[in-house]
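One structure is given here, and the rest of the page talks about it.
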Amino acid sequence: MNALVALCHFCELHGPRTLFCTEAVHPPSPQPASSLLGERERESEGEREGEGLTMRANSSATQRADMCEGCRSLPASHPGFVSIDSETGIRFLSHQHPRQPQLFSVVRQACVRSLSCEVCPGREGPIFFGDEQHGFVFSHTFFIKDSLARGFQRWYSIVMVAMDRIYLINSWPFLLRHLKLTIQSLQSTALKVFDSEQGVCPQRAIRLNSAFSPAVFPHQRSGNAARSLPSLTQHPNLWSSLHASFSWLLKACGSRLTEKLLEGAPTEDTLVLLERQTEQEEEMIAEGGGSNPQLDQSESSQDRDFPYGDGGKTEETLGPKFKSLRHLRQVLGPADFRQLAWHVLMGNQVIWRGSDRLLIQSAFNMLKALLPVGCVRVVGYSSQYEEAYRCNFLGLSPEVQIPAHVSSSEFSLLVDVLNMEQSCVQAACNEDILSLYQFTITSANPQPTDRGPTLLNKIEVALANENLSVEVVSHCLLCLKEEWMNKVKVLFKFSKVDGRGREDTQKVLGLLGATGPGEEDNVRLLKFWMTGLSKTYKSHLMTAVRGGERTLSQ
């Protein structure tokens, strides 16, 4: 990720100052041999010139403002901290200021704005600001306890600066969670030092009993008006620890979101899967699971593991199981399968109860293909009943009792899988499943009727056509789901976003082909499938509508 992280401080004497900055330097891309020498010469000259400009800027700033202890982190003679990612070759460099003069100016402006005008209510917390010219900034301001400071606390901020606004906004939850951990660690260690100092010499009583003069206020504390952050936290290796933390943050933030090549516009299932993958990765990173190749540090002795996700490997299951929707229809019979599929499409809770866990899971894997990914909520196998708001596919062990309000509800269906034989047979074909198990379907709802919904009728036609292979039926089902998801998007835009009336909505349903026989089931299906729309689509739609409203009002 092309970004940098900086720790900033508001000095009582000199105003906003950058204390510590970590940036990622990417390895140079391979170039033709003919231009390689000249490019290296230009790079070396540019680096020397950039270092000179930076040092001159730092030197002039030091001469103008006479930096105090609280404004300084590493001395000018310190080489800084360097970590190298062995996988990508990216170097993470940390010093008080960036090594390039352009970045020095950008970070300086971000520092000033984060500690002056760009603050959230209460002054502590995250905020986002920036522009295309000076970059975009995610800033989190906070206070550190100091017994010698005004109000017994000092004002700091951690800023992440990047030119990619969308990437930075999408990383907001991730950055907020991990920066809070760093900030809480700094505040807790500083609070211990503050409490110990107050126990030895309580400053509040001394200030109340002494004459106050704003002109000599800094001198009344023996020149300790600005104390360094390591002295406030009593952390001797504070800067190396911050280097490791900031380096990990840049590494993890850069790898958590990746670009994917999609053929055409992404489907709703694809968007929902990407959103869920992002949420799972954030949860795994927050838990700190896994270990990854480490950072090889030359100046710092601390190593940090980068969390990563598992490969998602699943063990090969043996035993009887359903191989396709057509196989499931053949085992249950056309009438029972139609009743089961109707409840699935309507969003009712489908419960399978039996001792063969793998068979039940294979049934859910087949039935999930009837719904958009966003509408699927599965509890594969449980020893207790789970409410319908948690899952619409529920597997239960045989001894679990179904609550009375669920058994009598028309919004649920129960499939009892009874063992016909106790012998374990390694088989997966239709005849063997029928010889091993008996399936009993019960529901308080006598539907479905023979008329609808329209989607179910088309699915049954495809499954009943033996001339179509299983692969062709699978692709046919994908096309049918995408067709009806497009109808869902139109209905969502028309009814939820625009807020049209009942008559107008009925006209739209007629245009979508959802009226006529089975109209009630079609409408119910469309409303349930609205819950499966991705957050990305809903956000994009609402943003576009609001933008259009602003344009019309202008």
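Please give the length that would be gained between Ser116 and Glu387 if that part of the chain were fully extended, namely 0.36 nm times their separation in residues minus their C-alpha to C-alpha distance (nm, one decimal).
92.5 nm
Within 14 Å, Cβ to Cβ, of Leu19, how many net charges do the neighbouring residues add up to if Lys/Arg are +1 and Asp/Glu are -1?
Neighbour charge sum, excluding Leu19 itself: +4.
Too long at a 20 Å Cα-Cα cut-off: which of Lys145/Lys251; Lys180/Lys535; Lys487/Lys527; Lys493/Lys538; Lys458/Lys535; Lys487/Lys535?
Violating the 20 Å Cα-Cα cut-off are Lys145/Lys251; Lys180/Lys535; Lys458/Lys535.
Please get the size of the charge dipole for the stretch 140-187, origin at its Cα centre, with Cβ charges of +1 on Lys and Arg and -1 on Asp and Glu, quoted in debye to the nearest 20. Present the calculation step by step, with values, prior to reporting the outcome.
Details: 6 positive and 2 negative charges, 27 e Å.
The dipole of the stretch 140-187 has a size of about 140 debye.
Can you tell me the accessible area per residue over the stretch 325-368, all protein chains present, probe 1.4 angstrom, in square angstrom?
27
Accessible area per residue of the stretch 128-177 at 1.4 Å probe, in Å²?
Details: 1840 Å² over 50 residues.
That works out to 37 Å² for each residue.
The values are calculated or read from the model by the stated rules, or taken from the named source; none is laboratory data. Here the structure is a predicted model, which means the values were calculated and not measured. When we count neighbours, we look across all protein chains shown, and the Cβ atoms used for this are built from the backbone with ideal geometry, even at glycine. Surface accessibility is based on the protein's heavy atoms, side chains included, excluding ligands, DNA and RNA. Shrake-Rupley method; radii C 1.70, N 1.55, O 1.52, S 1.80 Å.
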